[in-house]
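A.B. asks: Pasting a structure here, questions to come.
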């Protein structure tokens with residue numbers, strides 16, 4: 001997968017199968033999942049592979065196998081809002097594997113240079129946001145995925161400050177991570193104002209998007225003039241904290 005970016009998503013163990021199935025159904029292009037690799041802890045370890053599956057068959061396998069306690073890696077093509085195709089790898093871990101790897105249960109890998117050209121930073125940002133939202137699905141009150149962070153594969157994204165994108169289904173979780181009292185501050189409004197006051201830097205723009213279902217997506221343009229930008233969400237969060245007097 002090379003030097004990919006990765007979206008790491010929180011998810012309750014009982015929701016992993018359904019969240020994964022919905023992500024595959026949302027993101028897959030052309031109705032075909034190229035491959036599913038399965039591993040299940042046991043004596044002996046169970047390993048299986050399926051190739052060139054219809055999306056409906058793939059989601060049925062995902063629901064059935066993750067319910068039994070497995071690690072699944074799926075690969076498929078997606079179509080971005082810009083019209084570009086992109087290859088994706090989605091890894092889903094049952095509770096046993098989350099503990100074994102000390103990992104998030106859902107992880108989506110992609111190659112950022114496939115997202116944008118220097119002449120199209122805005123469209124690349126839209127493509128980037130679409131990938132994150134394709135993984136997290138619905139942001140309703142009892143969201144299967146309450147939050148997700150995006151960073152470089154191989155690195156860690158221990159907090160929202162270190163991420164290139166962050167999704168929150170609930171404002172209260174966002175306020176907690178920002179270190180403010182959710183009952184006494186409009187955190188999203190502060191973030192929106194902070195983003196509006198941040199000038200574009202080397203074609204790197206910051207967005208705060210309130211979604212129709214109530215969730216919030218924070219993101220920066222995937223990359224600027226260099227292959228990968230080092231800019232994260234930290235300046236946005238610091239600006240919001242200053243506005244809130246923290």
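The values are calculated or read from the model by the stated rules, or taken from the named source; none is laboratory data. Keep in mind that this is a model prediction, so the values were computed, not measured. Reconstructed Cβ throughout: ideal geometry from the backbone, glycine too, with neighbour counts over all protein chains shown.
A.B. asks: For the structure I just gave you, tell me whether residue 65 is within 15 Å of residue 97 (Cα to Cα) and either at pLDDT below 90 or more than 21 Å from the chain's Cα centre (by Cα) (or both). It would help to see each step written out before you state the result.
C.D. replies: Values: within 15 Å of residue 97 (Cα to Cα): yes; either at pLDDT below 90 or more than 21 Å from the chain's Cα centre (by Cα) (or both): yes.
Here the answer is yes, as residue 65 does meet what is asked.
A.B. asks: Give region 54-77 a look and list any residue that's surrounded by 13 or more Cβ atoms within 10 Å (Cβ to Cβ) and part of a strand (DSSP E or B), or say none.
C.D. replies: Listed by number, the residues that qualify are 71, 72, 73, 74, 75, 76, 77.
A.B. asks: Could you list all residues from region 91-106 that are touching a helix residue (DSSP H, G or I) at 6+ places or on another chain (Cβ under 6 Å) and surrounded by fewer than 21 Cβ atoms within 10 Å (Cβ to Cβ)?
C.D. replies: Taking region 91-106 as the starting set, the residues that turn out to be touching a helix residue (DSSP H, G or I) at 6+ places or on another chain (Cβ under 6 Å) are 92, 94-95, 105.
Listed by number, the list holds a single entry, 95.
A.B. asks: Now for a separate question. Taking region 10-20 only, how many residues are buried (at least 21 other Cβ atoms within 10 Å of the Cβ), assigned to a helix (DSSP H, G or I) and touching a helix residue (DSSP H, G or I) at 6+ places or on another chain (Cβ under 7 Å)? Can you show your working first?
C.D. replies: So in region 10-20, the residues buried (at least 21 other Cβ atoms within 10 Å of the Cβ) come out as 11, 16-17, 19-20.
Still in the running and assigned to a helix (DSSP H, G or I): 16-17, 19-20.
Still in the list and also touching a helix residue (DSSP H, G or I) at 6+ places or on another chain (Cβ under 7 Å): 16-17, 20.
Count: 3.
A.B. asks: Six or more apart or on different chains, Cβ under 6 Å: which pairs go from a residue in region 41-53 that's in a loop (DSSP other than H, G, I, E, B) to one that's surrounded by 10 or more Cβ atoms within 10 Å (Cβ to Cβ)? Could you list them?
C.D. replies: Going by the 6 Å Cβ cut-off, the qualifying pairs are 41/96.
For every residue, the table says whether it meets (1) at pLDDT below 85; (2) part of a loop (DSSP other than H, G, I, E, B); (3) crowded, with 20+ Cβ neighbours inside 10 Å.
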site	(1), (2), (3)
117	yes, yes, no
123	yes, no, no
130	no, no, no
135	no, no, yes
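A.B. asks: Same structure, new question: Inside region 30-52, can you point out the residues that are at pLDDT 90 or above and either buried (at least 22 other Cβ atoms within 10 Å of the Cβ) or closer than 18 Å to residue 80 by Cα (or both)?
C.D. replies: Correct list: 32, 33, 34, 36.
A.B. asks: Take the residues of region 80-90 that are under 22 Å from residue 36 (Cβ atoms) and touching a helix residue (DSSP H, G or I) at 6+ places or on another chain (Cβ under 9 Å): which is modelled with the highest pLDDT?
C.D. replies: Pass one, region 80-90, residues under 22 Å from residue 36 (Cβ atoms): 85-90.
Next cut, touching a helix residue (DSSP H, G or I) at 6+ places or on another chain (Cβ under 9 Å) only: 85-88, 90.
Values: 85: 86, 86: 88, 87: 91, 88: 93, 90: 96.
Step by step, filter region 80-90, then rank; the result is 90.
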